[in-house]
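The block underneath contains the structure these notes are about, expressed in structure tokens.
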Amino acid sequence: MKYTGARIVIECLVEQGVDTVFGYPGGAILNIYDELYKHKDRIRHILTAHEQGAAHAADGYSRSTGKTGVVLATSGPGATNLVTGIATAYMDSVPMVAITCNVGCSLLGKDSFQEVDITGITMPITKHNYIVRDVNRLAETICEAFLIAQSGRPGPVLIDIPKDVTAAVADYEPLVVGFASEKPDSISRRNVRRVIKEKFPTDQDFENATQLINSSVRPFLYIGGGVIISDACTELKEFAEKRNIPVAVSLMGKSAFPSEHELCCGMIGMHGTKAANCGANKSDLIIAVGARFSDRVISDSSKFAKSSKVLHIDIDPAEINKNIPTAASLVGDIKSILAKIIPMIESRSSSEWNEQITEWKQHIPAMYSKKTKLHPKFVFEYINRKLGDDTIITTEVGQHQMWTAQFYPFSKPRTFLTSGGLGTMGYGTGAAIGAQVANPNRKVVHIAGDGSFRMNCNELATIAHYNLPIIIIVVNNGVLGMVRQWQNLFYDKRYSETTLDFGPDFVKLAEAYGIQGYRALSEEEFIGVFDLAVKGGKPAVIDCGMNIDEMVLPMVPAGKPIDQLLLDIE
């Protein structure tokens, strides 16, 4: 049968198992939106207030489910407004397909109205991107894009389609079996050009790794977001317990290992715990699983874990030896690798090393100050007590993000959605929308700093329109808190342009969008208004007033070894 390019886009999305897309229409993409109107019983479209919010929503949809998120935008500024969201997904290995439409083929390269080279712009921040000039190549391109986004180390892929291609007609043959039910390496449909074959470690690789693990006296696990992406949390827990290995998590790996587990040392890095940072630097073997040794974890690479050998397990060979030299590595799917190596390693009883870790874990940082009647620790622990471990938590970026990572007792994967690699202020509101749309029967709480929240608070319109029961906690200290903390410690308290003392009133802002707003300045007030918000079952914003000088501790000053933490500041 013959379909227009726009209809082919819809049919291919359905083949890929897509049930929801996020986006914002415009002239160049009107043909696709017209088809969406005709097929709204097959694909739900969520209209956001801004294309960046749509990209973050597709990201949150993906992170909370493991599926590929889809975002649509028109040409020119519509496409460029996706860039921050695409880069955010790229840095955190989130599978996403962004579909943009451009001016007609005859107008490309002529500075036409709302024309931009979006494939050129996004080349460094996508796994791959396309401009489809021939409607006969459209179906196979969409299939290939989903294959690339999901295979190996996931990430975003962009497809740019000129408007005349969406109007052109081509032969289209619907498939009985779609990609959603097939394995990526078995796809042979629609003449897909790119076949991705993932390598698996050799027997010798496993022998080398096993020897390192079994001979280690002070082993230490450092785990990242790759454990969650590969659905390897169960295997990781079994691995750690069999060898009695202390576990530290990166920010992206925060929900991969239960926070309350006796082997958990908490977060590692610049704002990591004493147990995690000292454990890494005093170990004789660091087993890095699905983590990339980012600068926020290791600080100065020349001072990181100098007495330790490193065994690196990751799906991306480019990460091996990139930042830290390794003694051995296992490259491939983490779940499969752990399943094979667990029977090969020897059980290990608790030792002096575990006792030392336990001693470090007793250290409670001097972060429970009396500066404020409402401390972040209380807020986040109460949310968990009230709503339980299935609650999905999203954040923006800054002090509130670090406090969430430090204090919220995550125990299940895909319950913590945050921008790690890019550190995108404005990420969390869109991500919360995507998570709530994908998980309508679960609670979603968005924790935002007042500075970050102002950046994309226009998405309150989206939350209100779709009546999404997201509870937004605004950690309101009237300041760009993390930047002020650095100014306090390293810039002689020269607070240049970090004080936010000019509004808005977040309660009135929420009410302007038809959302219930609350204010809390003490623990008692927070309990009261949070319980009301939960009971109401509708969108809510809670403005939590906190002290301007509350700090995130511990903290490793830039360039210092990670076991030289600032534990207390007078």
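Annotations for the structure displayed:
- The conditions of being at pLDDT below 90, farther than 30 Å from Ala280 by Cβ and exposed (fewer than 14 other Cβ atoms within 10 Å of the Cβ) are not met by Asp492.
- The lone criterion from (1) under 26 Å from Arg153 (Cα atoms); (2) of a type in the set (Lys, Arg); (3) at pLDDT 95 or above left unmet by Arg296 is number (3).
- Ser64 being touching a residue at least 12 places away in the same chain (Cβ under 8 Å), farther than 21 Å from Ala461 by Cβ and either of a type in the set (D, E, K, R) or in contact with a Lys or Arg (Cβ under 9 Å, 6 or more places away or on another chain) (or both): yes
- Near pairs, Cβ below 9 angstrom, 6+ apart or cross-chain, from segment 483-510 (in contact (Cβ under 8 Å) with a residue 60 or more places away in the chain and basic (Lys, Arg)) to any residue that is in a helix (DSSP H, G or I) and open to solvent by less than 60 Å² (accessible area, probe 1.4 Å): Arg484/Gln399
- Out of Lys254, Lys242, Lys274, sole residue that is in contact with a helix residue (DSSP H, G or I) (Cβ under 9 Å, 6 or more places away or on another chain), closer than 29 Å to Met551 by Cα and open to solvent by 30 Å² or more (accessible area, probe 1.4 Å): Lys274
- Scanning segment 279-296 for residues that are open to solvent by 10 Å² or more (accessible area, probe 1.4 Å) and not in a loop (DSSP other than H, G, I, E, B) returns Asn281, Lys282, Asp295, Arg296.
- Scope segment 108-130; condition outside any helix (DSSP H, G or I) and under 34 Å from the mean Cα position of the chain (by Cα); matching residues: Gln114, Glu115, Val116, Asp117, Thr126, Lys127, His128, Asn129, Tyr130
- Here the condition is being within 30 Å of Met252 (Cα to Cα), of a type outside the set (A, V, I, L, M) and surrounded by 23 or more Cβ atoms within 10 Å (Cβ to Cβ); of Thr119, Thr80, Thr100, it holds for Thr100 alone.
- Annotation: of all residues in segment 308-341 being in a helix (DSSP H, G or I) and hydrophobic (A, V, I, L, M, F, W, C), the one that is farthest from Ser230 (Cα to Cα) is Ala318.
- With a requirement of 2 or more residues that are under 11 Å from Gly155 (Cα atoms), the strands (runs of 3 or more DSSP E) lying completely within segment 39-107 that satisfy it span 96-102.
- Residue in segment 441-456 that is among the hydroxyl-bearing types (Ser, Thr, Tyr), modelled with pLDDT of 95 or more and in contact with a Ser or Thr (Cβ under 6 Å, 6 or more places away or on another chain) present: no
- Flag if Tyr518 is touching a helix residue (DSSP H, G or I) at 6+ places or on another chain (Cβ under 7 Å), crowded, with 17+ Cβ neighbours inside 10 Å and not hydrophobic (A, V, I, L, M, F, W, C): yes
- Criterion: in contact (Cβ under 8 Å) with a residue 40 or more places away in the chain and out of contact with any Pro (no Cβ under 8 Å at 6 or more places or on another chain) - qualifying residue of Ser255, Ser216, Ser283, Ser259: Ser216
- The residues of segment 134-158 that are outside any helix (DSSP H, G or I), surrounded by fewer than 22 Cβ atoms within 10 Å (Cβ to Cβ) and on the phi < 0 side of the Ramachandran plot, listed by number, are Asp134, Ser151, Arg153.
- Within segment 16-51, the set of residues being in contact with a Ser or Thr (Cβ under 7 Å, 6 or more places away or on another chain) and closer than 23 Å to Ser112 by Cα comprises Tyr24, Pro25, Gly26, Gly27, Ala28, Ile29, Asn31, Ile32.
Residues are listed down the side, and each one gets a yes or a no for (1) closer than 30 Å to Thr415 by Cβ; (2) touching a helix residue (DSSP H, G or I) at 6+ places or on another chain (Cβ under 6 Å); (3) surrounded by 20 or more Cβ atoms within 10 Å (Cβ to Cβ):
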| position | (1), (2), (3) |
| --- | --- |
| Thr48 | yes, yes, yes |
| Ala55 | yes, yes, yes |
| Thr65 | yes, yes, no |
| Ser75 | no, yes, yes |
| Phe113 | no, no, no |
| Val132 | no, yes, yes |
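The values are calculated or read from the model by the stated rules, or taken from the named source; none is laboratory data. All values reported here derive from a predicted model rather than from experimental measurement. Counting neighbours? That spans all protein chains shown, and the Cβs are built from the backbone with ideal geometry, glycine included. With ligands, DNA and RNA removed, areas are computed over all heavy atoms of the protein, side chains included. Shrake-Rupley method; radii C 1.70, N 1.55, O 1.52, S 1.80 Å.
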